[in-house]
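Asks: I'd like to ask some things about the structure below.
No value in this document is a laboratory result; all are computed from the given coordinates. Owing to the predicted nature of the structure, the values given are computational and were not obtained by experimental measurement. Note that each Cβ is placed from the backbone with ideal geometry, even for glycine, and that neighbours are counted across all protein chains shown.
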Ligand SMILES: [Zn+2]
């Protein structure tokens, strides 16, 4: 007989639980920005709670977040101006 089990597989960490396919909110960082992706496919262990993310989905996300993916590297980069205009605001002196 052909046993067709679901996509669940045993946990690599505790070897006791089963990894269940679930959709979670995935957090990642893009530079200084925190990116949250809702309904991201993941596998969660029902015993130790280990999370594993689908490799293809991670790769897809990387491609989505990286605008230079698949393109030749561009030399020009936008650098934000670091110099702040100085205001004439002076700190109040405290006399005792
Ligand atoms: Zn586990």
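Asks: Can you give me the Rg/Rh ratio for segment 9-65, using Cα atoms for both radii and the Kirkwood formula for Rh?
Replies: 1.04
Asks: Between residue 68 and residue 29, what is the label-to-label distance in nm when each label sits 7 Å out along the Cα-to-Cβ direction?
Replies: Result: 1.8 nm between the two label points.
Asks: PRE reach from residue 59 (point 7 Å along Cα→Cβ): which of segment 14-48 fall under 17 Å by backbone N?
Replies: Once the point is set 7 Å along Cα→Cβ of residue 59, 41-42 turn out to lie under 17 Å by backbone N, inside segment 14-48.
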